[in-house]
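Engineer: Here it is, the structure in full.
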Amino acid sequence: MEGLASLVALSGHRFLEDNVSILSATEFSRERLLGHNQVSDAHLLALAIRQGHVLATFDLGLRELIAEERNKEWVLLIPRKA
């Protein structure tokens with residue numbers, strides 16, 4: 001929790017209101033959801049796109065959920081250190 005607290009304390013931190021229904025979101029492709037583990041990813045993706053933020057992730061497969069090619073810019077892949 002200390003790590004989260006330190007991130008929230010940063011001057012650029014913003015809380016994003018969760019105003020996206022996973023049932024009506026169009027930012028991700030339902031056909032590309034392969035399992036229950038991706039539901040949270042898809043929800044966070046839709047939330048970021050709708051509110052004009054980039055979603056940073058370590059997950060290589062998250063970009064594959066995006067419904068439209070033009071929306072791939074909304075995902076930032078964080079490289080893992082070797």
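The values are calculated or read from the model by the stated rules, or taken from the named source; none is laboratory data. Just so you know, these numbers come straight off a predicted model, no measurement behind them. Positions of Cβ are generated from backbone atoms using ideal geometry, with glycine treated the same way; all protein chains shown enter the neighbour counts.
Engineer: If I go through the stretch 35-63 residue by residue, how many of them are in contact with a helix residue (DSSP H, G or I) (Cβ under 8 Å, 6 or more places away or on another chain), exposed (fewer than 15 other Cβ atoms within 10 Å of the Cβ) and either in contact (Cβ under 8 Å) with a residue 24 or more places away in the chain or assigned to a strand (DSSP E or B) (or both)?
Structural biologist: Looking only at that region, the number is 1.
Engineer: Another one. Can you confirm whether F28 is surrounded by 13 or more Cβ atoms within 10 Å (Cβ to Cβ), under 21 Å from L77 (Cβ atoms) and either among the aromatic types (F, W, Y) or touching a residue at least 40 places away in the same chain (Cβ under 8 Å) (or both)?
Structural biologist: The answer is yes for F28.
Engineer: Residues that are modelled with pLDDT under 80, farther than 27 Å from K81 by Cβ and touching a strand residue (DSSP E or B) at 6+ places or on another chain (Cβ under 7 Å): does the stretch 43-57 have at least one? Steps first, answer last, please.
Structural biologist: In the first step, residues of the stretch 43-57 are kept if they are modelled with pLDDT under 80; the result is none.
No, the stretch 43-57 contains no residue that is modelled with pLDDT under 80, farther than 27 Å from K81 by Cβ and touching a strand residue (DSSP E or B) at 6+ places or on another chain (Cβ under 7 Å).
Engineer: Among residues belonging to the stretch 65-82 that are among the acidic types (D, E) and more than 16 Å from A25 (Cβ to Cβ), point out the one that is surrounded by the fewest Cβ atoms within 10 Å (Cβ to Cβ).
Structural biologist: Looking only at the stretch 65-82, we keep the residues that are among the acidic types (D, E), and these are 68-69, 73.
Filter again for more than 16 Å from A25 (Cβ to Cβ), leaving 69, 73.
Details: E69: 7, E73: 11.
My answer is E69.
Engineer: If you check L62 against the conditions, is it modelled with pLDDT under 85, under 10 Å from the mean Cα position of the chain (by Cα) and aliphatic (A, V, I, L, M)? Outline the logic, then answer.
Structural biologist: On the way: modelled with pLDDT under 85: yes; under 10 Å from the mean Cα position of the chain (by Cα): yes; aliphatic (A, V, I, L, M): yes.
When the stated conditions are applied, L62 passes them.
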